[in-house]
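*Asks:* This structure is in structure tokens; I'll ask about it shortly.
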Amino acid sequence: MRAIIATALIGALLSSACGGGGGGSSLGAQPSPPAGGAANVQAITVDAGPSGPTGSIDVNTVFTTVTICMPGSTTSCQTIDHIQVDTGSSGLRILGSVLTLSLPLQKDAGGNPIVECTQFVDGFSWGPLRAADLKISGESAAGLAVQVIGDQAYPESTVPAACSSAGRSEDTVTEFGANGILGVGPFISDCGSGCTIVPNPIYYSCTSSSTCQNTSVAVAQQVSNPASFFATDNNGVIIELPSVGATGSTGLSGSLVFGIGTQGNNGLASAQVFTVSSADGSLFTAFNGRNLPESFIDSGSNAFFFTDSSIASCPSINNMKALPFYCPASTANLSATITGQNSVAAPVSFSIANANTLFSQSVIITAASDLGGPGISSGSFDATQSFDWGLPFYFGRNVFTAFENSNTSGGPGPYFAF
């Protein structure tokens, strides 16, 4: 789940996002299936994102590459790099500015295009649903509903107020920080039964680019987790990333593994299972003497986000908005306990460094294991009741995400395991 985008001038322009990046130069190699690797393994990287070191830099954003095709075609296809891997959302979303295929629109029973408003803590993205086939590593899924963000046929000027009220628009690669998102969270659809009725905050039927009314959309027509539609290896994913030292890294390489207990390379081994709420994916975190019932694990958040008034937040820089990160005088070494809905608990030690110090080094840091900041409340979400275990939690761990209604070697999803 993209949660926060911050911009600050620290030498170069640093764009820190709980989202991803897009095409262009990068500090790491472009993700691609490992040579001779298993068919269910896809390369992932944490790097500078779409603009590279000469422009906006992504921090703690994990990317991969996908190939999308016209429905039913094996030749009319496009490979797109710097797609963010997000365990906090469901569905494939592509930025219209990087899409060269003319994918067919998804329409409602009245023949009107269905357009989606995807709302984040810090803003929104607007764009129609289009049909596409997906290929990634040796896996594939056909006939997916894909959101095309920033589609020129549906300009920002006509976004309904109920959508734009979420904040600023994130409909370009620069604003979004990615060429798209591969949402492989624990839920199959991005809205579920909540969008089969009206009103709902997400789906609209548009009789023209400027006339859109909130509409209900059946679960089967919604933007949905692509990995759950694979023929095999479709019950979950594993994100595997190496550890990161205290001073950060200029880039990382890892793997996105499809399936849990379906192949010799995706067994749980000694990982513990932490079931999550079937309503919102939450689990519990005990921190600073408080139990935080709205906590979650999310590769799409670029830091640990939690409330701790004893840790200083970063000051503003060059009269710009303060970074949504912590800047303690010295690194804070902390601990918390994660507990699943199944009462399985595990202690987790982590550190929070001074963000200004991290990003003032002579090299460009794109991966930081000790980056944290205060959570931001939005709508019904109360950040004071939550601990967001973002991408730093994934460094040095194999983190499993089991999909809802799926059987795995660790039991039925939804759950996380590590």
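*Asks:* Inside region 356-392, can you point out the residues that are part of a loop (DSSP other than H, G, I, E, B), of a type in the set (D, E, K, R) and under 20 Å from Val46 (Cβ atoms)?
*Replies:* Asp370
*Asks:* Right, something else. Does Gly91 satisfy the condition of being part of a loop (DSSP other than H, G, I, E, B) and either crowded, with 23+ Cβ neighbours inside 10 Å or under 19 Å from the mean Cα position of the chain (by Cα) (or both)?
*Replies:* In short, no.
*Asks:* With (1) assigned to a loop (DSSP other than H, G, I, E, B); (2) crowded, with 17+ Cβ neighbours inside 10 Å; (3) modelled with pLDDT of 95 or more as the list, and Ser343 as the residue in question, which single condition is left unmet?
*Replies:* The failed condition is (2).
*Asks:* Can you report the number of residues in region 141-180 which are among the aromatic types (Phe, Trp, Tyr) and farther than 24 Å from Val217 by Cα?
*Replies:* Number satisfying all stated conditions: 1.
*Asks:* Just one of (1) modelled with pLDDT under 95; (2) farther than 27 Å from Ser380 by Cβ trips up Leu105, so point out which.
*Replies:* For Leu105, the failing item is (1).
*Asks:* Shifting gears a bit: Out of all the residues in region 242-273, which are touching a strand residue (DSSP E or B) at 6+ places or on another chain (Cβ under 6 Å) and either open to solvent by less than 10 Å² (accessible area, probe 1.4 Å) or β-branched (Val, Ile, Thr) (or both)?
*Replies:* Val244, Leu256, Val257, Phe258, Ile260, Asn266, Val273
*Asks:* A further question on this structure: Among all residue pairs at least 6 apart or on different chains, which show Cβ distances below 8 Å where the first residue, located in region 101-128, is touching a residue at least 40 places away in the same chain (Cβ under 8 Å) and more than 15 Å from Cys212 (Cα to Cα) and the second is assigned to a loop (DSSP other than H, G, I, E, B) and among the basic types (Lys, Arg)?
*Replies:* Phe120/Arg2; Val121/Arg2; Asp122/Arg2
*Asks:* Here is a further query. Please indicate, with yes or no, whether at least one residue in region 275-291 is under 25 Å from Gly245 (Cα atoms) and touching a Pro at 6+ places or on another chain (Cβ under 7 Å).
*Replies:* no
*Asks:* Sort out which residues of region 204-234 are closer than 16 Å to Ser89 by Cα and in a strand (DSSP E or B), and write them in order of number.
*Replies:* Residue satisfying the conditions is Ser224 alone.
*Asks:* A follow-up question, please. Looking at Ala286 and the list (1) in a loop (DSSP other than H, G, I, E, B); (2) surrounded by fewer than 21 Cβ atoms within 10 Å (Cβ to Cβ); (3) touching a strand residue (DSSP E or B) at 6+ places or on another chain (Cβ under 7 Å), which single condition is not satisfied?
*Replies:* It fails just one condition, (1).
*Asks:* Here is a follow-up. Looking at region 132-143, which of its residues are of a type outside the set (Asp, Glu) and open to solvent by 10 Å² or more (accessible area, probe 1.4 Å)?
*Replies:* Matches in region 132-143: Lys135, Ser137, Gly138, Ser140, Ala142, Gly143.
*Asks:* Answer yes if at least one residue in region 145-159 is touching a Pro at 6+ places or on another chain (Cβ under 8 Å), closer than 16 Å to Val115 by Cα and open to solvent by less than 10 Å² (accessible area, probe 1.4 Å), and no otherwise.
*Replies:* yes
*Asks:* Here's something else I'd like to know. Taking Ala246 as the residue in question, decide whether it is in contact with a Cys (Cβ under 8 Å, 6 or more places away or on another chain) and at pLDDT 95 or above.
*Replies:* So Ala246 fails the test.
*Asks:* Please work out which residue is surrounded by the most Cβ atoms within 10 Å (Cβ to Cβ), limiting yourself to region 160-190 and to residues that are in a strand (DSSP E or B) and of a type in the set (A, V, I, L, M, F, W, C).
*Replies:* Out of the qualifying residues, it is Leu182.
*Asks:* Here's another thing I want to ask about it. Output the residues belonging to region 157-194 that are closer than 26 Å to Asn235 by Cα and without any contact (Cβ under 8 Å) to a residue 12 or more places away in the chain.
*Replies:* Residue satisfying the conditions is Gly194 alone.
The values are calculated or read from the model by the stated rules, or taken from the named source; none is laboratory data. Computed from a predicted model, the values in this text were never measured in an experiment. A quick note on method: Cβ atoms are made from the backbone with ideal geometry, for glycine too, and the neighbour counts reach across all protein chains shown. Ligands, DNA and RNA are stripped out before the accessible areas are found, and what is left, the full protein with its side chains, is counted by its heavy atoms. Shrake-Rupley method; radii C 1.70, N 1.55, O 1.52, S 1.80 Å.
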